[in-house]
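A.B. asks: Sharing a structure here in structure tokens format.
Rule-based calculations on the coordinates, nothing more; no lab input. Note that this is a predicted model, so its numbers are computed, not measured. All Cβ positions, even for glycine, are placed from backbone atoms using ideal geometry, and neighbour counts span all protein chains on display.
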Amino acid sequence: GREGSKEFTVHLRCKHPRRWKKKMGRRCRKPKIMNRISIEERPADVETRRQFGHWETDTIVSKSSTGSLSSIVERKSRLLLLTKLQRRTSDNVNSAIVSRLETFPRNARRTLTMDNGTEFAGHEKITASLDMKCFFAHPYASWERGTNENTNGLVRWYLPKGTDFSKIPVEQIVLIESLINNRPRKCLDFKTPIEVASLFVAFQD
């Protein structure tokens, strides 16, 4: 019974038997992203990876710096677009996404899937600029952007946690992007992301 369990209570870290639910204060609540479209409404064929032009995006942050990285990955080819940001603001993230994706032809930028970070609150501006519909993964469901998460892991190999991104020159970010995009991948039958993407997009030097 409950009385008999008291003798074990002293061994608990908090020394009490009942678990109290934590209440979320106002300061912990993130601002709501307006007019977000759930990943549940994303076209089902995106999952097949048969079509080029479906992208996932995220920001890579560091506790040691106000700087961050914009990471955009194409699902079929695993092509990475990596951009240094001075600050992780909605305007900076929007500018990075638009500037990198607007160089692709219209049929090579079909959808963009992102998480629920407030830096993506301006998703409607991305849609307006690129004519590209944005979708949001479920909260705490990073596997719904697995391509992006796996590629970010490759970036972390070059820039481990604790790296001060503000001190990393842009030239190094460009090099890391190139190294990853020219790395043969088992999931691509040991082709590189550049090789696969080149079948759909004419890259210029």
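A.B. asks: Kindly flag which residue pairs out of Lys133/Lys186; Lys76/Lys133; Lys125/Lys186; Lys32/Lys125; Lys84/Lys125 have an alpha-carbon separation exceeding 25 Å in this structure.
C.D. replies: Details: Lys133/Lys186 30 Å; Lys76/Lys133 18 Å; Lys125/Lys186 36 Å; Lys32/Lys125 16 Å; Lys84/Lys125 20 Å.
Violating the 25 Å limit, Cα to Cα: Lys133/Lys186; Lys125/Lys186.
A.B. asks: Could you give the nm distance between label points at Asp91 and Gln172, where each point is 7 Å from its Cα heading toward the beta carbon?
C.D. replies: Rounded to a tenth, the inter-label distance reads 2.8 nm.
A.B. asks: Please identify which residues in region 56-80 have an amide N closer than 13 Å to a label point set 7 Å out from the Cα of Asp164, following the Cα→Cβ vector.
C.D. replies: 63-67, by backbone N distance to the label point.
A.B. asks: Also: Check cross-link reach from Lys63 to the aspartates and glutamates: straight Cα distance under 12 Å, and skip same-chain residues fewer than eight apart.
C.D. replies: Once the sequence-local aspartates and glutamates are set aside, what remains near Lys63 is Asp164.
A.B. asks: Right, another one. Can you work out the FRET efficiency for the pair Thr127 and Arg183, with r the C-beta to C-beta distance and R0 = 25 Å, to the nearest 0.05? All intermediate terms of the calculation are to be shown ahead of the outcome.
C.D. replies: Values: r = 31 Å, r/R0 = 1.26.
For Thr127 and Arg183, the calculated efficiency is 0.20.
A.B. asks: On to the next question. Compute log10 of I(q)/I(0) for region 125-188 with the Debye formula, placing one identical point scatterer on every Cα and leaving out solvent, at q = 0.12, 0.18 Å⁻¹, to two decimals.
C.D. replies: Log10 of I(q)/I(0), two decimals: -0.48, -0.96.
A.B. asks: Expressed in whole Å with the largest first, what are the equivalent ellipsoid semi-axes of region 81-179 derived from the C-alpha gyration tensor as the square root of 5 times each eigenvalue?
C.D. replies: Numbers: eigenvalues 100, 56, 40 Å².
Gyration-tensor ellipsoid for region 81-179: 22, 17, 14 Å.
A.B. asks: Let me ask another. Using per-residue counts of other Cβ atoms within 10 Å, averaged over each peptide, order 92-99, 60-67 from highest down. Before the final figure, lay out the partial values.
C.D. replies: On the way: 92-99: 20.1, 60-67: 15.2.
Ranked from most to least packed, the peptides come out as 92-99, 60-67.
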